[in-house]
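Quick notes on the structure that follows.
The values are calculated or read from the model by the stated rules, or taken from the named source; none is laboratory data. Bear in mind the structure is a predicted one, so any value in this text is a computation, not a measurement. In this analysis, Cβ positions are derived from the backbone assuming ideal geometry, glycine residues included, and neighbour counts consider all displayed protein chains. The protein model used for the area step is the full one, side chains on, heavy atoms only, and it has no ligands, DNA or RNA in it. Shrake-Rupley method; radii C 1.70, N 1.55, O 1.52, S 1.80 Å.
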Amino acid sequence: MRIFKLAGSNFFLGWIMSSMIYLALLAVLFSTVSTLSFDKWRSATRDLVTIHVPKPAEIIDSDDGVTRLDETLKILRAFPDIESFTVLEKNDIERLINPLVDKDILKNILLPALIEIRLKRNNSLPDLNNALKNLSTDIFIESHAELFLPDAKAFSGAKKLFSVIVGLTLFVAMISIIFAVHAGLAINRETIQVMHLIGAKNGFIARTFQKHVLKVLGFSSACGTALAMGTFFILDRLLRVAFFGDGEIDIFKQINLWDWTIFMLVPVSYPLLGIIVAGVSVLTFLRKQN
Amino acid sequence: MVRFENVEIRYRGKEAILTDVSFDLGEGNFHFLTGKSGAGKSSLLKAIYMGIFPSKGKINLFGRDISSITKKEIPEIRRRMGIVFQDFRLINNLTVRENVALPLRIFGTKSSIIRRHVPELLEWVGLGDHLDDLPTSLSGGQQQRVAIARAVIARPVLLLADEPTGNVDDTIADRLLYLFKELHRTGTNILIATHNENLLQKFDYPVLRIEDRKLSFSD
């Protein structure tokens, strides 16, 4: 039974809520995906270091013909906190430098040896550094975790930004509900007066408004969620190709049940919060009127 | 049931409409309230359903002094009354059936009971063929009957009707009055405000008359 005339405010509210839920879902998903990607990235690089050994072929012990690289490897083998290490092939190093340096120049550069090391624990890095510095001060260690520190800050900032976006969408959504409810109350002033004279309590009128708001918000939630899911599928395809190469990353596979639960809280919580706000708005308005 | 003791009614900043009004409507009564247009009939009814409160005197409703009734209690008191407004005050976006069902919905009556009673009552007031029509598609007399049906659907203890025959011809006015008589017979107390002297003569019920802001009583 449509007691109140709310077609105008329903249309306005429907659009606003669909848009806000859509934006909030995008923000939550981007936040989730970026966190997951960064966590994955960080865990992959946390205990990873690269040792640069300049002039690797230089003989440092003329009697045994031991090169600087040999001596470095000897230290590494003796170091207890190393899980594994790999000496990068010259081709691999050239491939890394290739985009940065011209091929002709590359031929004339004396490339350092690069050793990729996975440590058992990251806090043993200073000991390793000391051991290598004793051999040569030119050898230096590059910690991948430190290398990605600026990126970590960017990720953390992005996460905060997504939280702010969710907060803003919630704020706009709730303000819109209050506005729509007040518009509805003004339009239906006479009907409300008649209902009061028949014996309606404010609670009944508030519940009637809440039912309307729930219907609109339920529909808006479904629309916003469907739109967001469609956008995710498109972005999933685009992101794979654009940033990670085909098959490197699958957004949907990365998201677990807990993340989906948080994600689904948005289209569920907005209507629930909406009916609370609508109810409180109607009751406050009617109390002021009486 | 309704007792006025030296009641004065005035709208804010204006001269008193009614002064020193005293009367007592007990159980099982049917009264007419008459007076010229603007005499204060509607204001008196308004005071009974607590649309306005007296500036002086005491009004007692169903054994309660209305000055002691809290805002929260007003709906409960109003639920014991049925009101037929002069301008009907039907909700135009609801069908005839929905308008009449509204009080029952408000009181939380079961849907099955509403589905049974509403068409029965509308049949009784001669609108059985208009259940799903909107009020705007009905004539003045039909709208009046919808308003009456809405006022009596919840079996009120007291029915207040403000010029219920004001918008209809004499034939329909007679029919409506017979309808009120029937309601009275089933136990509803009735107070009808009207300036139609013909009705007062045709139906022999006690009359409350407002003249010069005063109320007089005649059998």
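Tabulated data for the structure shown
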{"read-out": "Residues (within 14 Å of another protein chain (Cβ to nearest Cβ) and buried (at least 19 other Cβ atoms within 10 Å of the Cβ)) located in the range A:172-196", "value": "A:GLY184, A:ASN188, A:THR191, A:ILE192, A:VAL194, A:MET195, A:HIS196"}
{"read-out": "Cross-chain or 6+ apart pairs with Cβ under 7 Å, the range A:191-203 first and assigned by TED's automatic domain parsing to the domain that holds A:ILE275 and free of Cβ contacts under 8 Å to residues at least 60 places away in the same chain, then in a loop (DSSP other than H, G, I, E, B) and aliphatic (A, V, I, L, M)", "value": "A:VAL194/B:ILE91"}
{"read-out": "Tabulated pairs, the range B:101-130, first closer than 19 Å to B:LEU90 by Cα, second of a type in the set (Lys, Arg) and open to solvent by 40 Å² or more (accessible area, probe 1.4 Å), C-beta under 6 angstrom, 6+ apart or interchain", "value": "B:VAL118/B:ARG97"}
{"read-out": "Which listed residue is surrounded by 12 or more Cβ atoms within 10 Å (Cβ to Cβ) and at pLDDT 80 or above, from A:PRO56, A:PRO80", "value": "A:PRO56"}
{"read-out": "Residue match in the range B:98-121 (condition: touching a His at 6+ places or on another chain (Cβ under 9 Å) and open to solvent by 20 Å² or more (accessible area, probe 1.4 Å))", "value": "yes"}
{"read-out": "Every pair of residues 6+ apart whose Cβ atoms lie under 6 Å, when the first sits in the range B:64-75 and is under 16 Å from A:HIS196 (Cβ atoms) while the second is among the basic types (Lys, Arg)", "value": "B:PRO75/A:LYS201"}
{"read-out": "Single unsatisfied condition, A:SER163 versus (1) assigned to a helix (DSSP H, G or I); (2) touching a Phe, Trp or Tyr at 6+ places or on another chain (Cβ under 9 Å)", "value": "(2)"}
{"read-out": "The range B:51-77, residues that are in a strand (DSSP E or B) and within 14 Å of another protein chain (Cβ to nearest Cβ)", "value": "B:LEU61"}
{"read-out": "Some residue of the range A:180-187 being assigned to a helix (DSSP H, G or I), in contact with a helix residue (DSSP H, G or I) (Cβ under 6 Å, 6 or more places away or on another chain), touching a residue at least 40 places away in the same chain (Cβ under 8 Å) and among the β-branched types (Val, Ile, Thr)", "value": "yes"}
{"read-out": "Near pairs, Cβ below 8 angstrom, 6+ apart or cross-chain, from the range A:36-52 (at pLDDT below 80) to any residue that is outside any helix (DSSP H, G or I) and of a type in the set (Phe, Trp, Tyr)", "value": "A:TRP41/A:PHE148; A:ARG42/A:PHE148; A:THR45/A:PHE148"}
{"read-out": "Positions within the range A:274-288 being within 14 Å of another protein chain (Cβ to nearest Cβ) and without any contact (Cβ under 8 Å) to a residue 12 or more places away in the chain, in sequence order", "value": "A:LYS288"}
{"read-out": "Qualifying residue in the range A:88-97 (condition: over 30 Å from A:ILE255 (Cβ atoms), part of a strand (DSSP E or B) and at pLDDT 85 or above)", "value": "no"}
{"read-out": "Options A:PHE171, A:PHE155; residue that is assigned to a helix (DSSP H, G or I) and at pLDDT below 95", "value": "A:PHE155"}
